[in-house]
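Report on the following structure.
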Amino acid sequence: MDLPLITTVCRFKLFKQPYKIGDTFEMNGETRLVVGIENFEINHYGKQINVRYTCQRLNELDFVSKAKAYQEVPFGVEIKATLRNKNWDKVSQLNLGTTLMCRGQIYKIMEYTEIGLNETDLYVRFIARPVFPVDRNTAKSKLLNERRKKLKLEII
């Protein structure tokens, strides 16, 4: 079973409206729902904007619904990550706003609490909050609405 939440990078020409939370779009034959915005950057001499989104695969409905994705979770957990000397190039995976998998749950990094060195290893402690997919019924209805729009069908 694939995870319903994934990270997606979308490229937009500057002055074209990027997706917002709650928007749906097609990518690689899948309909995806934007549940969060991780970060963005402007590149190619100011002609393009790359936005990194947390998305839910709407075609994946085989998961346990826990909470609504739009609901703010009032708590965070502290997580410690250790990067060995030869893996320091992976530090960008621990940027604020990015998502990561820890013990079978997806978390979004909110703030750092400690950064340090232990001999040649870099360790980072941070506060992260859990990210939940939209419940199955909402995902099904979003997917059906997108298919109706695509086929230009109306229910009377």
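The values are calculated or read from the model by the stated rules, or taken from the named source; none is laboratory data. Please read these numbers as outputs of a predicted model, since none were measured by experiment. In this analysis, Cβ positions are derived from the backbone assuming ideal geometry, glycine residues included, and neighbour counts consider all displayed protein chains. These area figures cover heavy atoms from the full protein model, side chains too; ligands, DNA and RNA do not enter into them. Shrake-Rupley method; radii C 1.70, N 1.55, O 1.52, S 1.80 Å.
Check whether at least one residue in the range 71-78 is at pLDDT below 85, open to solvent by 80 Å² or more (accessible area, probe 1.4 Å) and within 19 Å of Lys20 (Cα to Cα), and report yes or no.
So the first thing to find is which residues in the range 71-78 are at pLDDT below 85, and the list is 71-75.
With open to solvent by 80 Å² or more (accessible area, probe 1.4 Å) added as a condition, the list becomes 71-72, 74-75.
If we keep only those that are within 19 Å of Lys20 (Cα to Cα) too, we end up with 71-72.
Yes, because at least one residue in the range 71-78 is at pLDDT below 85, open to solvent by 80 Å² or more (accessible area, probe 1.4 Å) and within 19 Å of Lys20 (Cα to Cα).
Return the only residue of Leu100, Leu144, Leu96, Leu117 being open to solvent by 30 Å² or more (accessible area, probe 1.4 Å) and at pLDDT below 85.
Working: Leu100 fails: at pLDDT below 85; Leu144 fails: at pLDDT below 85; Leu96 fails: at pLDDT below 85.
Criteria check complete, one pass: Leu117.
Output the residue which, of all residues in the range 38-63 that are of a type in the set (D, E, K, R) and outside any loop (DSSP other than H, G, I, E, B), is farthest from Glu146 (Cα to Cα). Write out each step before concluding.
Filtering the range 38-63 down to residues of a type in the set (D, E, K, R) leaves 38, 41, 47, 52, 57, 60, 62.
Subsequent filtering for residues that are outside any loop (DSSP other than H, G, I, E, B) retains 38, 41, 52, 57.
Numbers: Glu38: 24, Glu41: 28, Arg52: 22, Arg57: 13 Å.
If we take residues in the range 38-63 being of a type in the set (D, E, K, R) and outside any loop (DSSP other than H, G, I, E, B), then Glu41 is farthest from Glu146 (Cα to Cα).
Tell me, yes or no, whether the range 15-31 has at least one residue that is modelled with pLDDT of 85 or more, at positive phi and either in contact with a Phe, Trp or Tyr (Cβ under 6 Å, 6 or more places away or on another chain) or surrounded by 12 or more Cβ atoms within 10 Å (Cβ to Cβ) (or both). Steps first, please.
Within the range 15-31, the first condition is being modelled with pLDDT of 85 or more, and the residues that meet it are 17-31.
With the extra rule that they be at positive phi, the set shrinks to 22, 28-29.
Cutting the leftovers down to either in contact with a Phe, Trp or Tyr (Cβ under 6 Å, 6 or more places away or on another chain) or surrounded by 12 or more Cβ atoms within 10 Å (Cβ to Cβ) (or both) gives us 22.
Scanning the range 15-31 turns up at least one residue that is modelled with pLDDT of 85 or more, at positive phi and either in contact with a Phe, Trp or Tyr (Cβ under 6 Å, 6 or more places away or on another chain) or surrounded by 12 or more Cβ atoms within 10 Å (Cβ to Cβ) (or both).
Could you list all residues from the range 11-37 that are under 25 Å from Gln105 (Cβ atoms) and in a strand (DSSP E or B)?
Thr24, Met27, Glu30, Thr31, Arg32, Leu33, Val34, Val35, Gly36, Ile37 - these are the residues of the range 11-37 that are under 25 Å from Gln105 (Cβ atoms) and in a strand (DSSP E or B).
Looking only at the range 77-100, count how many residues are free of Cβ contacts under 8 Å to residues at least 24 places away in the same chain and either part of a strand (DSSP E or B) or small (Gly, Ala, Ser) (or both).
1
Taking the stated definitions as given, is Phe126 of a type in the set (Phe, Trp, Tyr), in contact (Cβ under 8 Å) with a residue 24 or more places away in the chain and farther than 17 Å from Gln93 by Cα? Outline the logic, then answer.
Details: of a type in the set (Phe, Trp, Tyr): yes; in contact (Cβ under 8 Å) with a residue 24 or more places away in the chain: yes; farther than 17 Å from Gln93 by Cα: no.
So Phe126 does not fit the description; no.
Can you pull out the residues in the range 32-61 that are open to solvent by 40 Å² or more (accessible area, probe 1.4 Å) and aliphatic (A, V, I, L, M)?
The answer is Ile37, Ile42, Leu61.
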